[in-house]
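**Student:** Here it is, the structure, as structure tokens.
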Amino acid sequence: MKQSQLFTKTRKEISKDEVSVNAQLLTRAGYIYKEMAGVYSYLPLGLRVIKKIENIIREEMNSIGGIEMKTSILQNKEIWEKSGRWDDNIVDNWFKTELKNGAKIGLSFTNEEAHSNILKQYVSSYKDLPIYPYDFKEIFRNEVRSKSGILRGREFYWKALYSFSRNEAEHNDFYEKAKVAYQKIYNRVGIGHLTYLTFASGSTFSKFSHEFQTLTEAGEDIIYVDEKKKMAVNKEVYTDEVLQSLELDKKELVEKKAVEVGNIFTLGTKFSEPFGLKYKNEKGEEQRILMGSYGIGLSRLMGTIVEVNHDDKGMIWPESVAPFKYHLISLGKNEEAEEIYNKLQEKGEEVLFDDRELSAGEKFAEADLIGIPYRIVISEKSLQAGGVELKKRNEEKGEIIEVQKLF
């Protein structure tokens with residue numbers, strides 16, 4: 001992409017009501033546009049990042065047997081009445097509307113009912129199971145407050161996978177695979193070293209749920225971390241009894257602020273029961289299907305990556321999710337830069353080419369704000385020194401290398 005064709009512009013300042021680092025930097029750099037509190041549009045650079053994150057998650061979900069599908073955003077009132085969650089006294093953050101014929105509908109705020117209702121149409125035998133469907137979609141929640149940028153929105157983009165298993169052993173086997181897959185995701189997006197498997201409150205069907213919490217001062221949660229065991233406990237279950245059951249020593253735990261970047265938990269028959277989701281085993285006996293839930297908010301994950309990867313100049317994107325690998329900056333050498341740009345593209349590299357007529361200072365400041373991993377500068381000075389200057393975003397100085405070494 002040529003920067004002269006990128007319609008978004010960087011900004012030095014934004015509205016004072018944006019208090020979170022992720023919202024400030026992403027808005028200033030032209031990744032997102034705020035429509036209203038808790039609602040953001042993703043501009044070209046932001047969309048490229050969210051799609052990189054999406055593909056990493058897709059690969060890891062597929063690797064453990066996930067089957068991608070897409071459920072509708074408009075939700076049928078009758079389906080949600082079966083689980084009791086249409087009632088505003090049970091769920092108070094619905095966005096609801098109605099059709100022209102007066103029928104009431106809701107906008108998706110989670111996916112358990114949708115997947116359970118669909119699977120009811122296709123599962124009848126033990127031979128049909130297990131099944132691990134998932135989808136990426138927009139989710140809407142009528143939050144009372146939304147002041148954390150894309151960490152907590154009224155509209156956000158997420159992935160939800162649901163496991164449908166024949167028995168507890170089969171469920172537990174997949175659950176453990178999901179734990180590993182989730183940690184791989186966080187490693188790949190560059191926050192694995194700050195992300196802890198965290199024990200949180202469970203349900204009727206399990207003693208604990210499991211959150212994945214990333215350490216950051218922007219976090220809304222308090223967790224207690226055992227850095228040696230790479231485990232943590234959420235404040236909500238931080239009791240002597242829980243610590244003893246997990247074989248954690250209180251003296252080894254450190255209190256930290258963190259943001260939840262994913263969760264997995266056992267649903268048991270909570271949703272298969274109201275939908276009559278059963279199968280017949282080898283003996284022809286009807287059995288309830290056991291379910292599990294595995295969620296990741298992609299927009300929240302993107303915001304978290306920014307919160308833990310920035311400096312006073314701007315963002316520092318991990319290469320795996322950066323909108324481009326290279327930021328090619330021409331200082332009065334557009335013809336030579338164009339040739340490099342074309343060769344890098346032929347090689348399959350992703351390049352943002354700053355071909356605009358701006359000063360070196362303006363171009364460098366914008367490059368630091370945008371945060372692409374590698375900056376290539378071609379100028380009269382670099383050519384006289386033997387080539388181009390190559391610099392990593394998180395390093396102070398670059399080095400002159402021969403042009404051919406780029407390819």
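**Student:** Would you check if there is a residue in region 40-48 being within 21 Å of Lys184 (Cα to Cα) and assigned to a helix (DSSP H, G or I)?
**Tutor:** Checked region 40-48: at least one residue is within 21 Å of Lys184 (Cα to Cα) and assigned to a helix (DSSP H, G or I).
**Student:** Kindly indicate the residue of region 320-331 that is without any contact (Cβ under 8 Å) to a residue 60 or more places away in the chain and not hydroxyl-bearing (Ser, Thr, Tyr) and also surrounded by the fewest Cβ atoms within 10 Å (Cβ to Cβ) among those meeting that condition.
**Tutor:** Filtering region 320-331 for residues that are without any contact (Cβ under 8 Å) to a residue 60 or more places away in the chain and not hydroxyl-bearing (Ser, Thr, Tyr), the one surrounded by the fewest Cβ atoms within 10 Å (Cβ to Cβ) comes out as Lys325.
**Student:** Determine, yes or no, whether Ser163 is in contact (Cβ under 8 Å) with a residue 60 or more places away in the chain and assigned to a helix (DSSP H, G or I). Before the answer, list the steps.
**Tutor:** Values: in contact (Cβ under 8 Å) with a residue 60 or more places away in the chain: yes; assigned to a helix (DSSP H, G or I): no.
No, not satisfied.
**Student:** Further question: From the list Gly348, Gly371, Gly386, Gly361, pick out the single residue that is small (Gly, Ala, Ser) and surrounded by 13 or more Cβ atoms within 10 Å (Cβ to Cβ).
**Tutor:** Gly371
**Student:** Would you confirm, using the coordinates I've provided, whether Glu13 is in a helix (DSSP H, G or I) and out of contact with any Asp or Glu (no Cβ under 9 Å at 6 or more places or on another chain)?
**Tutor:** no
**Student:** What pairs come out if I take residues in region 341-354 that are assigned by TED's automatic domain parsing to the domain that holds Ile372 and pair them with residues that are assigned to a strand (DSSP E or B) and surrounded by fewer than 21 Cβ atoms within 10 Å (Cβ to Cβ) whose C-beta lies under 6 Å away, six or more apart or interchain?
**Tutor:** Sorted first by the residue in region 341-354, then by its partner, the pairs are Phe353/Lys2.
**Student:** Within region 124-161, restricting attention to residues that are touching a Ser or Thr at 6+ places or on another chain (Cβ under 6 Å) and more than 30 Å from Val21 (Cα to Cα), which residue is surrounded by the most Cβ atoms within 10 Å (Cβ to Cβ)?
**Tutor:** So the residue we want is Tyr132.
**Student:** Could you grab me the full set of residues in region 77-103 that are over 22 Å from Tyr157 (Cβ atoms) and either surrounded by 13 or more Cβ atoms within 10 Å (Cβ to Cβ) or assigned by TED's automatic domain parsing to the domain that holds Ser163 (or both)?
**Tutor:** Lys77, Ile79, Glu81, Lys82, Ser83, Trp86
**Student:** Given the structure, is Gly106 modelled with pLDDT under 95 and under 25 Å from the mean Cα position of the chain (by Cα)?
**Tutor:** Taking the combined requirement at face value, the residue does not satisfy it.
**Student:** Name the pairs whose Cβ atoms lie under 8 Å apart, with the first residue in region 200-223 and more than 17 Å from Ala258 (Cβ to Cβ) and assigned by TED's automatic domain parsing to the domain that holds Asn22, the second at pLDDT 90 or above and of a type in the set (Phe, Trp, Tyr), and 6 or more positions between them or separate chains?
**Tutor:** Filtered contacts from region 200-223: Gly202/Phe208; Gly202/Phe265; Ser203/Phe265; Ser206/Phe265.
**Student:** Shifting gears a bit: Mind listing whichever residues of region 16-39 are part of a loop (DSSP other than H, G, I, E, B) and either of a type in the set (Gly, Ala, Ser) or not assigned by TED's automatic domain parsing to the domain that holds Val144 (or both)?
**Tutor:** Answer for region 16-39, where residues must be part of a loop (DSSP other than H, G, I, E, B) and either of a type in the set (Gly, Ala, Ser) or not assigned by TED's automatic domain parsing to the domain that holds Val144 (or both): Ser20, Ala29, Gly30, Ala37, Gly38.
The values are calculated or read from the model by the stated rules, or taken from the named source; none is laboratory data. All values derive from a computational prediction rather than experimental measurement. Note that we place each Cβ from the backbone using ideal geometry, even for glycine, and neighbour counts take in every protein chain shown.
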